[in-house]
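Step one of this worksheet: look at the structure below.
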Amino acid sequence: MRLLFSIGAVLVAGVLAGGDVAGIAAPGPKFEPSTHQPQRLAADRDAQTVDVELVLAVDVSYSMDMDELAIQREGYAQAIQSKEFLQALKLGPNGRIAVTYFEWAASSDQKIIIPWRLIDGPETADAVAAEIMKTPIRRASRTSISGAITFAMPLFDEDPYRGLRRVIDISGDGPNNNGSPVTVARDAALEKGIVINGLPIMIKEPSYSTMDIDNLDYYYEDCVIGGPGSFVITIKDRDKFKEAIRTKLLMEVAGRTPERPVMRVADKEPRVSCLIGEKIWSDRWGR
């Protein structure tokens with residue numbers, strides 16, 4: 001089931017309320033008799049278990065202006081440090097997550113800003129937030145959502161932690177216009193049991209120069225996201241940028257979606273062509 005939300009419909013209280021977080025029950029007490037190797041190994045596995053392995057894949061293409069890039073960075077850093085995020089973290093069966101953060105543009109342009117890090121409380125959250133903020137902001141050409149998804153998939157195999165859920169969180173302000181079709185990459189991720197959520201950024205009016213499109217939220221819903229409980233949160237107001245990022249992270253950490261989504265989208269023919277970005281690029285540049 002895929003869900004589409006406007007930011008105004010998602011309340012932090014709704015994410016944090018409602019009892020136990022969905023997922024596998026928390027492990028029981030750990031016993032480690034010195035003579036019992038299997039139990040010792042089981043305890044080690046428990047210590048490496050997290051509620052979610054979360055890949056934050058962040059668009060830095062030229063269509064994003066420097067102010068948007070700065071707000072985006074600040075939004076992720078502040079969200080990870082927020083009281084609401086830390087409360088949601090503790091609601092999980094393990095009370096910890098693993099996160100990695102990379103920036104992307106063209107199909108061959110991905111840069112890891114933060115390798116896999118464990119977040120299990122205020123100190124580790126502050127450390128991750130500081131690491132996000134200290135890296136110089138950059139911009140690059142082209143937009144390859146498919147490249148970002150393809151780059152993200154093997155990162156889960158490199159993660160020393162094992163999550164009850166695996167999630168790729170894609171943010172961006174335009175459709176795929178480089179690399180393989182986005183649906184090919186999406187479907188490959190879904191086959192691996194990975195959930196993809198989306199944060200389409202629709203602050204600016206679409207224009208020929210930036211290759212933005214109308215209804216980017218529909219494009220993300222029908223062509224980018226997928227997996228059980230996958231969702232889109234759309235940003236249409238610059239002032240709501242940080243709030244949207246915080247809400248999205250809360251939902252991903254808690255493993256929840258709002259009980260009353262604005263719209264339920266059934267699997268059907270995409271409302272926006274999943275190759276619209278490639279077509280715009282071809283019409284403009286002839287290749």
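Any read-out appearing in this document is the output of simple, stated calculations on the displayed coordinates, not a laboratory observation. This is a predicted model, so every value here is computed, not measured. With ideal geometry, Cβ positions are generated from the backbone for all residues, glycine too; neighbour counts draw on all protein chains shown.
Data overview
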{"quantity": "Karplus-derived HN-Hα couplings along the stretch 163-171 (A = 6.51, B = -1.76, C = 1.60, θ = phi - 60°), whole Hz, x at Gly and Pro", "calculated": "x, 5, 9, 10, 10, 9, 10, 9, 10"}
{"quantity": "Reachable lysines from K204, criterion Cα separation under 20 angstrom, eight or more residues apart if same chain", "calculated": "K236, K240, K242"}
{"quantity": "Backbone HN-Hα couplings from phi across the stretch 185-190 [Karplus 6.51/-1.76/1.60, Hz, Gly and Pro as x]", "calculated": "5, 4, 5, 5, 5, 5"}
{"quantity": "For V52, distant residues with modelled amide H under 5 Å away", "calculated": "A98, L164, R165"}
{"quantity": "Distant alpha-carbon pairs in the stretch 39-164 (separation over 18 angstrom), percent", "calculated": "56 percent"}
{"quantity": "Karplus 3J(HN,Hα) series, Hz, for the stretch 193-200 with 6.51 cos²θ - 1.76 cosθ + 1.60 (x for Gly, Pro)", "calculated": "x, 8, 8, 10, 10, x, 10, x"}
{"quantity": "At R0 = 35 Å, FRET efficiency that the Cβ-Cβ distance of S180 and R238 yields, to 0.05", "calculated": "0.65"}
{"quantity": "Cα-based Kirkwood hydrodynamic radius, the stretch 126-187, one decimal, Å", "calculated": "13.9 Å"}
